[in-house]
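Peer 1: Take this structure, written in structure tokens, and hold onto it; I'll ask about it next.
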Amino acid sequence: MVKITIDGNVYEVDPKDNLLQTILSLGLDLPYFCWHPALGSVGSCRQCAVKKYSGEDDQKGRIVMACMEPVVDGMRISVNDPEVKDFRANIIELLMTNHPHDCPVCDEGGECHLQDVTLMSGHNYRQFDFNKRTHNNQYLGPFINHEMNRCIQCYRCVRFYREYAGGRDFNVFSSRNRVFFGRYEDGVLENEFSGNLAEVCPTGVFTDKTYKQHFTRKWDLTTAPSICHNCSLGCNIIAGERYGTIRRIASRYNGKVNGYFICDRGRFGYEYVNSDQRIREPLRRGQASGRLEPVDRETVFNYFKKIFDKKPRLLGIGSPKASLESNHALQMLVGKENFFAGVSAVEHQLTLKAIQILKEGPAEVPSLRETEKADTVLILGEDVTNTAPMLALSLRQASRQKPMELPIKMNVPTWHEMAVLELMQDERSPFFVLTPTETKLDDIATAVYRNAPDNIARLAHAVAHYIDSAAPEVENLSEEETELVKQIAENLLSSKQPLIVSGTSCLNESLLEAAANITRALKKRQKSPWIFLTVPEANSVGLALLDEKDLNQAIEKALSDSYDALIILENDLYRRIEEDKANKLFDAFEHVIVLHYLHNSTTDKANLVVPVGPFSESDGTLVNNEGRAQRFYQVFYPGDSVKESWRWLGQIITGHGLNGRSELSKLDDFIEALVRDFPELKAVKDLAPNADFRIAGQKIPRQSHRYSGRTSMNANVNVSEPKPPEDEDSPMSFTMEGYQGMPPSPFISRFWYPGWNSVQAVNKFQIEVGGALRGGDPGLRVFEPQTDSDAPYYTRIPEAFKPQKDQWFAIPVFHIFGSDELSIYTPGVAELAPKPYLLLNQKDAESFSGEKVNVLLDGKQIELTVKTSSSFPSGMVGIPFGLPEMKIFKFPNWVKISG
Amino acid sequence: MERPLTQHIRPGETLTITDYQKHGGYEGLKAALKMSPKEVQDTVKRAHLRGRGGAGFPTGLKWSFVPIGDDAPRPRYLIANGDEMEPGTFKDRLLVEGNPHQLIEGMIISAYAIQAEIGYVFLRWAYKKGEKIIQKALAEAYEAGLLGKNILGSGFDFDLYLHTSAGRYICGEETALLNSLEGKRANPRAKPPFPQTSGLFGKPTIVNNIETLCNVPHILRNGADWYKKISLSEDGGTKIFGVSGKVKKPGLWELPLGVTLKEVLEEYAGGMQDGLKFRGLLPGGASTDFLTEEHLDIKLDYAGVEKAGSRLGTGTMIVLDDKTCVVGMVLNLEHFFAQESCGWCTPCREGLPWSEKILARIENGQGKMQDLEILEGLTKTLGPGNTFCALAPGAMEPLQSALKYFREDFERHIKEQRCPRRS
Amino acid sequence: MLSDKERTEIEEHSRHYPRKQAAVIEALKVVQSHRGYVSDENVKDIAEFLEMTPDEVDSVATFYNLIFRKPVGEHVILLCDSVSCWIMGYETIMDHLRAKLKIEPGQTTEDGKFTLLTIPCLGACDRAPAMMIDNDLHGNLTVQKIDEILKKYK
Ligand SMILES: Cc1cc2nc3c(=O)[nH]c(=O)nc-3n(C[C@H](O)[C@H](O)[C@H](O)COP(=O)(O)O)c2cc1C
Ligand code: SF4
Ligand code: FES
């Protein structure tokens, strides 16, 4: 710690940050543009000027840019010196000379950092009275809107897009006061993190196009803290609503999980909530019509009452996309032995295996954000950009970790982005990508290895063996493979923080075992390795912790036992198992009851459909891939018929006095019951204060104090203002009434602070800028690895993959846009999703004449366009996973092709 | 009077390697190779050679910041800055076109002093003739074993390449030059770290002006004491001075540092053209403050010009006469600077075009009195330390001094709503 | 498509740098020397050749004023408009060129012969006003001299 003097006050600070970051961390205001805590300093905007004095006698001082200034012991500076204040006002005046002053029609208006800084710097009177320069805008795809005239040339966009996110189809063009930020030519931004431009850009150049389509001002949004449901990482998000539709998703800073950013699937894949496929009232299959027809709430309860007349046996199927509370509620209703995780056998086995490996240790499990600090990365099987996108962004930062040693050695501060980049040049951390398909991280890889999952597992096992000869040996590796094994192993051994990444998407258990073996071998060699495993869905881990039985077992049980009704929770089984299997299951039941928010093939089979809230209309808890439980909160009250699944189920349970559960109405009751049944999950109770929590006797408002139109919003329908809905499940209100200060971190639903209307206000919510939120980042691990364990090596080494003569080994290929069930409802996501195709090795493809081939999948012929890759392993085919046009089928599998 | 740099240069001719060697060329190199790199550095330090690129930084001292120990990063680079795009500046062209081997020898010695393995001559685009001349000279030098591996049997290796620019004044700024050499946009870099430790491709690098480097062979050949003696000033050596504008004989002359301004103007440039009166001049290129009649007696060395409120800069002067409009001249300068701003930092990118627009308005007879206040404000906002590099502060020097010395010209434009010097 | 000659020339330049992308400015100049300007297509070709994206190449290309991204005439006239030339009467020369060629700066004559551009300082201040046509420097310009010079480029 060192002492510095700012405007006469002495502060004790840690000199690790630059002066600007230090000043902001002290809670003082200092405007800035080009600096961003995640992007470092480049000193271009000149907005963060302060006065620096050279010694006790220096009265005059000189202007320096705080973002470029190291903090040194005894330094004396001034933020409020009149000359430097003037300077900052002059800078903003200059920035505004060409700005179109179009705030009223700008989507950024009201949450614009440029507006904030203009006010903060005190520039009000415009002297520039010439014409402004103007630019043409570009079409950048379905997600991002471009309005170049608003640009203040802070260069953040291009720095984020290129240096941080690794995108190469966006840049800065021209020079002097004509610099232009965009693409070489109009077209869709290729980077999966392009949506962050809307938050990184301090003004309205890059804005969220999906938001624009149903725009409302930030202060008119009802917002709640939520968790992204689109993959297993559990990025924190803020969802905003008005008039019953979700208008946008923004990232919610979490210092442990997603940091400042989220991926484009997470940001834009929310439109299913507003879809016309939404189920907004109970539906019962009419006896005469055979069609689903709207009924009232009572009918739902009566339906159950009839079933319960005879003390029924119910079979329940849960969902990896539904909350712990909802899954557990179904489990309570049907009884543990009759509850089945709603996922395929292979998926469930792998998830259970992943959990086992994580728990057993001895590898430590970093959080998503901590993976950025790994200095050697080995990826086994997982195309993370497409299966767990934000992990790709974090690993890209990890690739800078090792080369960062040079600037540190040369006393160049790590925040000095410009100098760091220059010193690093093309140097990257040792980074190995072992996957069947090409990945978007190949560009930073030290070496890539393209092969069948089994062969990747074999190579990985060999790495473990190289590190510790007690690990099982792998025979018959080629010379090149042996060389690669050595290279990987040596790099892991010489690194400070090795990280092994794998996951379930290759549907290959040996990969997970090999990953575990490598960490165990490293541990034997006195290293402290990290392991990070991805799983299929947002609550795959949570579901697996509740139940080990999968869908195959459910079908067996249904067919062998006699059941009265099937209850399916927020799940489309046709995306989980083969069609004929699903059909068989449904055929076995007289009563099929489906709780869902969207019409799909499963609701088509239902006799009764119960309308439940998607993430935006529910509270609940998810457990992410690393075992971190996180709470999401309902954004708005959707009316009386749509309820959380757990609430419906709870009412049925208590209504029928089942299972001795008497009190199950509020969220806290369900959490209580969950923790009672699963003591392992007790952290879930501590995720956030419960519904009784009050600050100074007040609730925490979901609406900002500037929320407008409340009394008139619905005046066209009803002039009398209805009583606002009550939230009995959380300490948050649905209105603007309540505590106006900073809430506890789990309840942050907007980043706002007096004078800071933009997302930059997040600085004020952190203990120190870029670090943890005040009161700690929300979310708690439900299990921790046993780091001192002596878990044995897995010993099963798979056979080397052997191509077959007239069969092809099919594996799923994942797409950030397309493979996920829900995000595809966003038109832009659907637009960017690939059309169905069959991936083949180039040479293999030559044995087929046409562009299309017929594939025999699960006994059905499908015609698919061939896509080739020179590196895709021979003897295999890749099939895009989860596209709406393609029914799910069994993976991995041998298939036949003709054509 | 000694003129080591130019005495053998004849107008329109180029010294070949044999001509050069006949006049003692490459003797300095031989002397240097017998010394240790540190000794070469010390000799140059003792000679009080200061950089001729504009900032006047002591050359030997600059070299001494390069880490050259066994564990120091490699390769190290030496770059000759021949961008020379400062308006009014045309001195390096003479050296390149007249005697390329002098530059090459200077670079080999300097490279040896900092143990650089690779060098580049960064030459401005417009010097097409110079480009050919250097290419040829490089080939000759390689042929003669003066470049490449094991130079003159010394065990020292040095490769030298020519890079010609694609325009833009900012490329002359040494860190922008580095980016340009790396094939990037020529935005300057933040200092620290300085190029001496993290320069081209992140490696230790020295950037010196062409004229600076051309001095080095002579220092090594004749010694530091000789070099100090040929100057009339504390600063060692000679300087190439130039004059352009409406003087009788515009041109370049190599003269000892410390000659008076008057001498250069009257004796060498031949005084003003008939019928014109001297009003002022920019002493060292477009980005220096005006000097006027009252300064004619000053000594032309770094301290002398600074005391008069300007900078020696490149030593090439632009003369303003009484029939030329000072507002128009400053407008021309700010137009140049606004156009050449790299667009990286706010004050320069936005401030210079504003100043240009105001000056144009004044010149065209539509100025307002408040315009002068805005201009004055801009000279402060765009002052030294406030911008990312020295381009904008340089651009403000002629403007601020014009407002100081020739304020009545500006006011007359505004009052009369016309340019008094235009019909 | 880049010609073989262009490729060889670019490769030659690349050899001078630790990474071939550093030669992108040279590559642009090579193409321009053969074709007069760098077309959108050429930007993509250079990008492919140097393993860059068109965005990366054009980011650099558009920074430098002497990389022409639009077609130019057979001969490019670069008339210095900087301070020494301005003092020495560049405006008269410019007016004359405009009248004679019937184009404004930035334009190309109807017959495609000449493109007229201004350029900051040619480093010929002692011979002001000055201009360059293609690779040739012409100093101490007068209206009469211009007519003589232009004839050479017919
Ligand atoms: C905008 C700008 C343009 C410059 N142009 C040149 C130039 O053309 N030639 C040059 O030698 N130095 C130029 N300099 C100075 C260089 O940055 C650097 O100081 C110089 O090359 C160092 O060489 P020296 O120490 O030998 O003088 C320029 C500086 C600035 C700020
Ligand atoms: S002062 Fe700023 S904008 Fe101007 S040239 Fe330097 S870095 Fe570029
Ligand atoms: S934030 Fe410091 S210069 Fe931009």
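Peer 1: Quick one: residue B:217 ticks every box in (1) open to solvent by 10 Å² or more (accessible area, probe 1.4 Å); (2) in contact with an Asp or Glu (Cβ under 6 Å, 6 or more places away or on another chain); (3) assigned by TED's automatic domain parsing to the domain that holds residue B:26 except a single one, so which number is it?
Peer 2: Checking residue B:217 against (1) open to solvent by 10 Å² or more (accessible area, probe 1.4 Å); (2) in contact with an Asp or Glu (Cβ under 6 Å, 6 or more places away or on another chain); (3) assigned by TED's automatic domain parsing to the domain that holds residue B:26, the one that fails is (1).
Peer 1: Would region B:106-120 turn up any residue that is open to solvent by 30 Å² or more (accessible area, probe 1.4 Å), more than 13 Å from chain C (Cβ to nearest Cβ), of a type in the set (Val, Ile, Thr) and away from ligand 2 (no atom under 16 Å from the Cβ)?
Peer 2: Looking only at region B:106-120, we keep the residues that are open to solvent by 30 Å² or more (accessible area, probe 1.4 Å), and these are B:115, B:117-118.
Still in the running and more than 13 Å from chain C (Cβ to nearest Cβ): B:115.
Next, from what is left, pick out any that are of a type in the set (Val, Ile, Thr): none.
Looking for residues that are open to solvent by 30 Å² or more (accessible area, probe 1.4 Å), more than 13 Å from chain C (Cβ to nearest Cβ), of a type in the set (Val, Ile, Thr) and away from ligand 2 (no atom under 16 Å from the Cβ), one finds none in region B:106-120, hence no.
Yes or no, residue by residue, for (1) polar (S, T, N, Q); (2) away from ligand 2 (no atom under 16 Å from the Cβ):
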{"position": "B:140", "(1), (2)": "no, yes"}
{"position": "B:153", "(1), (2)": "no, yes"}
{"position": "B:158", "(1), (2)": "no, yes"}
{"position": "B:166", "(1), (2)": "no, yes"}
{"position": "B:172", "(1), (2)": "no, no"}
{"position": "B:175", "(1), (2)": "yes, no"}
{"position": "B:193", "(1), (2)": "no, yes"}
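Peer 1: Identify all residues within region A:1-22 that are within 11 Å of ligand 3 (Cβ to nearest atom) and either outside any strand (DSSP E or B) or surrounded by fewer than 16 Cβ atoms within 10 Å (Cβ to Cβ) (or both); write none if there are none.
Peer 2: Scanning region A:1-22 gives A:19, A:20, A:21.
Peer 1: Right, something else. Can you tell me which residues in region A:134-184 are within 11 Å of residue A:206 (Cβ to Cβ), in a loop (DSSP other than H, G, I, E, B) and more than 13 Å from every other protein chain (Cβ to nearest Cβ)?
Peer 2: Scanning region A:134-184 gives A:137, A:143, A:147.
Peer 1: Moving on to the next point. Residue C:140 is checked against (1) within 13 Å of chain B (Cβ to nearest Cβ); (2) open to solvent by less than 40 Å² (accessible area, probe 1.4 Å) and fails just one. What number does that condition carry?
Peer 2: Of the numbered conditions (1) within 13 Å of chain B (Cβ to nearest Cβ); (2) open to solvent by less than 40 Å² (accessible area, probe 1.4 Å), the odd one out for residue C:140 is (2).
Peer 1: If you don't mind, another one. Please determine, by comparing only the residues of region B:331-353 that are within 8 Å of ligand 2 (Cβ to nearest atom) and charged (D, E, K, R), which one is farthest from residue B:288 (Cα to Cα).
Peer 2: B:349
Peer 1: For the condition crowded, with 17+ Cβ neighbours inside 10 Å and among the charged types (D, E, K, R), what is the one hit in A:723, A:682, A:666?
Peer 2: A:666
Peer 1: Pick from B:298, B:374: which is within 11 Å of another protein chain (Cβ to nearest Cβ), of a type in the set (Val, Ile, Thr) and open to solvent by 10 Å² or more (accessible area, probe 1.4 Å)?
Peer 2: Checking each option against the conditions leaves just B:374.
Peer 1: Let me ask something else about it. Name the one entry in C:103, C:133, C:119 that is closer than 19 Å to residue B:333 by Cα and either at pLDDT 95 or above or open to solvent by 10 Å² or more (accessible area, probe 1.4 Å) (or both).
Peer 2: Every option except C:119 fails the conditions.
Peer 1: Determine which member of the set B:197, B:175 is out of contact with any helix residue (DSSP H, G or I) (no Cβ under 9 Å at 6 or more places or on another chain), surrounded by fewer than 23 Cβ atoms within 10 Å (Cβ to Cβ), more than 24 Å from residue B:94 (Cα to Cα) and among the polar types (S, T, N, Q). Let's see the steps before the verdict.
Peer 2: On the way: B:175 fails: surrounded by fewer than 23 Cβ atoms within 10 Å (Cβ to Cβ).
Just one listed residue meets the conditions, B:197.
Peer 1: Let me ask something else about it. Can you name the residue in region A:43-87 that is polar (S, T, N, Q) and away from ligand 3 (no atom under 15 Å from the Cβ) and is also nearest to the other protein chains (Cβ to nearest Cβ) among such residues?
Peer 2: Within region A:43-87, the match that is nearest to the other protein chains (Cβ to nearest Cβ) is A:54.
Peer 1: Take region A:716-744 and flag every residue that is closer than 18 Å to residue A:620 by Cβ and outside any loop (DSSP other than H, G, I, E, B).
Peer 2: Of everything in region A:716-744, just one residue is closer than 18 Å to residue A:620 by Cβ and outside any loop (DSSP other than H, G, I, E, B), namely A:732.
Peer 1: Here is a follow-up. Quick one: residue B:318 ticks every box in (1) within 25 Å of residue B:409 (Cα to Cα); (2) open to solvent by 10 Å² or more (accessible area, probe 1.4 Å); (3) under 20 Å from the mean Cα position of the chain (by Cα); (4) more than 14 Å from ligand 1 (Cβ to nearest atom) except a single one, so which number is it?
Peer 2: (2)
Peer 1: Among the residues of region A:858-899, what is the count of those that are free of Cβ contacts under 8 Å to residues at least 40 places away in the same chain and under 32 Å from the mean Cα position of the chain (by Cα)?
Peer 2: 6
Peer 1: Here's another thing I want to ask about it. Taking residue A:202 as the residue in question, decide whether it is under 21 Å from the mean Cα position of the chain (by Cα), buried (at least 22 other Cβ atoms within 10 Å of the Cβ), away from ligand 1 (no atom under 16 Å from the Cβ) and away from chain C (no Cβ under 14 Å).
Peer 2: It is false that residue A:202 is under 21 Å from the mean Cα position of the chain (by Cα), buried (at least 22 other Cβ atoms within 10 Å of the Cβ), away from ligand 1 (no atom under 16 Å from the Cβ) and away from chain C (no Cβ under 14 Å).
Peer 1: Which of the helices (runs of 4 or more DSSP H) contained wholly in region B:291-375 include at least 1 residues that are among the basic types (Lys, Arg) and over 24 Å from residue B:90 (Cα atoms)?
Peer 2: Result: B:302-307, B:346-363.
Peer 1: Taking region A:29-58 only, how many residues are assigned to a loop (DSSP other than H, G, I, E, B) and open to solvent by 50 Å² or more (accessible area, probe 1.4 Å)? Steps first, answer last, please.
Peer 2: Kept after step one, since they are assigned to a loop (DSSP other than H, G, I, E, B), are these residues of region A:29-58: A:29-35, A:37-39, A:42-48, A:54-58.
Still in the running and open to solvent by 50 Å² or more (accessible area, probe 1.4 Å): A:29, A:54, A:56-57.
Total meeting the criteria: 4.
Peer 1: Here's a follow-up. Filter region C:63-104 down to the residues that are part of a loop (DSSP other than H, G, I, E, B) and more than 9 Å from chain B (Cβ to nearest Cβ) and list them by number.
Peer 2: Passing the criteria: C:68, C:69, C:70, C:71, C:72, C:73, C:74, C:89, C:102, C:103, C:104.
Peer 1: Name the residues in region A:488-513 that are open to solvent by 20 Å² or more (accessible area, probe 1.4 Å) and under 29 Å from residue A:397 (Cβ atoms), would you?
Peer 2: Narrowing region A:488-513 to residues open to solvent by 20 Å² or more (accessible area, probe 1.4 Å): A:490-491, A:493-494, A:496-497, A:507, A:509.
Of everything in region A:488-513, those that are open to solvent by 20 Å² or more (accessible area, probe 1.4 Å) and under 29 Å from residue A:397 (Cβ atoms) turn out to be A:490, A:491, A:493, A:494, A:496, A:497, A:507.
Peer 1: Tell me the helices (runs of 4 or more DSSP H) entirely within region A:398-487 that contain at least 2 residues that are modelled with pLDDT of 95 or more and open to solvent by less than 50 Å² (accessible area, probe 1.4 Å).
Peer 2: Helices (runs of 4 or more DSSP H) meeting the threshold: A:417-424, A:453-467.
Peer 1: Just to be sure, is residue B:313 of a type outside the set (D, E, K, R), more than 9 Å from every other protein chain (Cβ to nearest Cβ), closer than 30 Å to residue B:231 by Cα and more than 16 Å from ligand 1 (Cβ to nearest atom)?
Peer 2: Taking the combined requirement at face value, the residue does not satisfy it.
Peer 1: So residue A:346 fits all but one of (1) surrounded by fewer than 20 Cβ atoms within 10 Å (Cβ to Cβ); (2) under 28 Å from residue A:672 (Cα atoms); what number is the exception?
Peer 2: Failed condition: (2).
Peer 1: Name the pairs: first residue in region B:181-198 and within 13 Å of residue A:411 (Cα to Cα) and assigned by TED's automatic domain parsing to the domain that holds residue B:63, second residue part of a loop (DSSP other than H, G, I, E, B) and within 16 Å of ligand 2 (Cβ to nearest atom), Cβ to Cβ under 8 Å, at least 6 apart or on different chains?
Peer 2: none
Peer 1: Taking region B:75-90 only, how many residues are open to solvent by less than 10 Å² (accessible area, probe 1.4 Å) and more than 9 Å from every other protein chain (Cβ to nearest Cβ)?
Peer 2: 6
Peer 1: Please go through region A:675-715 and give me each residue that is closer than 30 Å to residue A:781 by Cβ and assigned to a loop (DSSP other than H, G, I, E, B), ordered by number.
Peer 2: Selection gives A:678, A:687, A:688, A:689, A:690, A:691, A:692, A:693, A:694, A:699, A:702.
Peer 1: Then there's this: For region B:340-371, give me each residue that is under 11 Å from residue B:395 (Cα atoms) and within 13 Å of ligand 1 (Cβ to nearest atom).
Peer 2: B:340, B:341, B:348, B:352
The values are calculated or read from the model by the stated rules, or taken from the named source; none is laboratory data. Computed from a prediction, not measured in an experiment: that's the story for all the values here. For neighbour counting, all protein chains shown are included, and Cβ atoms are generated from backbone atoms with ideal geometry for every residue, glycine included. Side chains are part of the model used for accessible areas, which takes the heavy atoms of the whole protein and leaves out ligands, DNA and RNA. Shrake-Rupley method; radii C 1.70, N 1.55, O 1.52, S 1.80 Å.
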